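Below is one structure, written out as structure tokens, with a few remarks after it.
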Amino acid sequence: MKAFLEYAVKGLVDQPDAVDVTEVDNNGMTVFELRLDPADVGKVIGRQGNTIQALRSMVTVGMGKAGRSSRCSVEIVEDEAPASEAAAEE
């Protein structure tokens, strides 16, 4: 599912090289953490959250069909700018 999610998100964004998907097991629930260029976050979320919700639904169905736990989530992780960049902006 990680490869599928990465493929789908790379097709949506302007900076596909910046896309990184990490699979994390959290107490029996699989969380797919999406890291991408800040300018592309809106494209992945979509209008009224429709795009991210569709991605979550497809990942949930795919996990169930693969025989893995259908308890999963797709989260967009926005890394904060390093302190040196934040200080330079002020």
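With N the number of residues in region 2-79, Rg(Cα) / (2.2 N^0.38 Å) evaluates to 1.05. Between V41 and K2, the distance separating the two model label sites (each 7 Å from Cα on the Cα→Cβ line) works out to 2.4 nm. Helix 50-65 and the longest principal axis of the Cα set of the chain meet at an angle near 40°.
Taking 21 Å as the straight-line reach from the Cα of K43, the lysines in range (excluding those fewer than 8 positions away in the same chain) are K2, K10. The label point for T22 and the one for Q53, both projected 7 Å from the Cα toward the Cβ, are 2.8 nm apart. Under 14 Å from the Cβ of R68, count the other residues' Cβ atoms, weight Lys and Arg +1, Asp and Glu -1, and hand me the total. Every neighbour counted, the sum reads +1. Between the Cα long axis of helix 2-12 and the first principal axis of the chain there is an angle of about 50°, rounded to the nearest 10. Rounded to the nearest 5, the antiparallel percentage of DSSP beta bridges internal to the chain is 60%. Near G42, once Lys and Arg are set to +1 and Asp and Glu to -1 for all other residues with Cβ below 14 Å from its Cβ, the sum equals -2.
Just so you know, all these numbers are worked out from the coordinates, no wet-lab data involved. The model shown is predicted, which means the values in this text are computed figures rather than measured ones. No Cβ is skipped: glycine too gets one built from the backbone with ideal geometry, and neighbour counts run over all protein chains shown.
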